[in-house]
Amino acid sequence: MSGTAPEMGRRDGSFEREPARRVFASELRECRYQFKDGEDEKSPTFVLLPTGERSNRIFIVGTLTEKTRQGEQNIFYRGRVIDPTGTFFIMAGSYQPEAMQQLAKIETPAFVAVIGKPNLYQKPDGSYLASVRVEAITVVDKDTRDLWVLDTAAHTLDRVDALATSTSPDIVKAKEQYPSVDPAVYRKMAYDALAQIKM
């Protein structure tokens, strides 16, 4: 359709990747709402964070504590990455061959940086499981992990502040989808995470 505003993430017909959001495990775990931005099958899928920001890709850093290889024909790897607030469940399969090879080579435990796409699965009991489909994973050092915690805490606090003042469509939608969200919980989560690192 001509004359409409370009979709977010696309300009002049070219595709622009969504920025990878920094988010703590315990906030991602609370996600319940996923949506597509656009009508065609290539339209990006977003998870709406309880603090009111849409996320198509996320950037996480933590300790890879375990990984398992699964499948015979379609091999894929699952893993757990721990940050100061909880656990991310990550996976990489044949659709992400480079990421799968990277994950296969890493010995646990190790500090890792991961860029990936968040996905929500609704379980039969109605609860949700958030996982991260890995696009890239690399071993990092403790200083990188600590810097990520610092950055992620700052981003989380900014989102919490915006919840109170902004009327952006995503924040309005977050308040609809997560009516019982207590901003104080996310503020405390950020400060507790900061308290666990020694800079």
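The values are calculated or read from the model by the stated rules, or taken from the named source; none is laboratory data. From a predicted model like this one, the values you see are computed outputs, not experimental measurements. Positions of Cβ are backbone-derived with ideal geometry, glycine not excepted, and every protein chain shown enters the neighbour counts. Ligands, DNA and RNA are stripped out before the accessible areas are found, and what is left, the full protein with its side chains, is counted by its heavy atoms. Shrake-Rupley method; radii C 1.70, N 1.55, O 1.52, S 1.80 Å.
Just to verify a result, which residue in the range 87-102, among those that are free of Cβ contacts under 8 Å to residues at least 60 places away in the same chain and part of a strand (DSSP E or B), is farthest from the chain's Cα centre (by Cα)? Looking at residues that are free of Cβ contacts under 8 Å to residues at least 60 places away in the same chain and part of a strand (DSSP E or B), I get ALA92. Just a yes or no: is a residue in the range 74-94 in contact with a helix residue (DSSP H, G or I) (Cβ under 8 Å, 6 or more places away or on another chain), among the acidic types (Asp, Glu) and farther than 22 Å from TYR178 by Cα? Yes, there is a match, as at least one residue in the range 74-94 is in contact with a helix residue (DSSP H, G or I) (Cβ under 8 Å, 6 or more places away or on another chain), among the acidic types (Asp, Glu) and farther than 22 Å from TYR178 by Cα. In the set (1) among the β-branched types (Val, Ile, Thr); (2) open to solvent by less than 40 Å² (accessible area, probe 1.4 Å); (3) within 19 Å of VAL47 (Cα to Cα), the condition left unmet by VAL140 is number (3). Being surrounded by fewer than 22 Cβ atoms within 10 Å (Cβ to Cβ), modelled with pLDDT under 95 and in contact with a strand residue (DSSP E or B) (Cβ under 6 Å, 6 or more places away or on another chain) holds for only one residue in THR45, THR87, THR65, THR108, and it is THR45. GLY116 meets all of the listed conditions (1) under 30 Å from PHE35 (Cβ atoms); (2) surrounded by fewer than 16 Cβ atoms within 10 Å (Cβ to Cβ) but one, namely (2).
Looking at the structure I just gave you, is ARG159 of a type in the set (Lys, Arg) and open to solvent by less than 30 Å² (accessible area, probe 1.4 Å)? Taking the combined requirement at face value, the residue satisfies it. For the range 154-165, indicate whether the set of residues that are without any contact (Cβ under 8 Å) to a residue 40 or more places away in the chain and within 25 Å of TYR128 (Cα to Cα) is non-empty. Taking every residue of the range 154-165 in turn, at least one turns out to be without any contact (Cβ under 8 Å) to a residue 40 or more places away in the chain and within 25 Å of TYR128 (Cα to Cα). Kindly establish whether TYR77 is farther than 30 Å from ARG187 by Cβ, open to solvent by 70 Å² or more (accessible area, probe 1.4 Å) and aromatic (Phe, Trp, Tyr). For TYR77, the condition - farther than 30 Å from ARG187 by Cβ, open to solvent by 70 Å² or more (accessible area, probe 1.4 Å) and aromatic (Phe, Trp, Tyr) - is not met.
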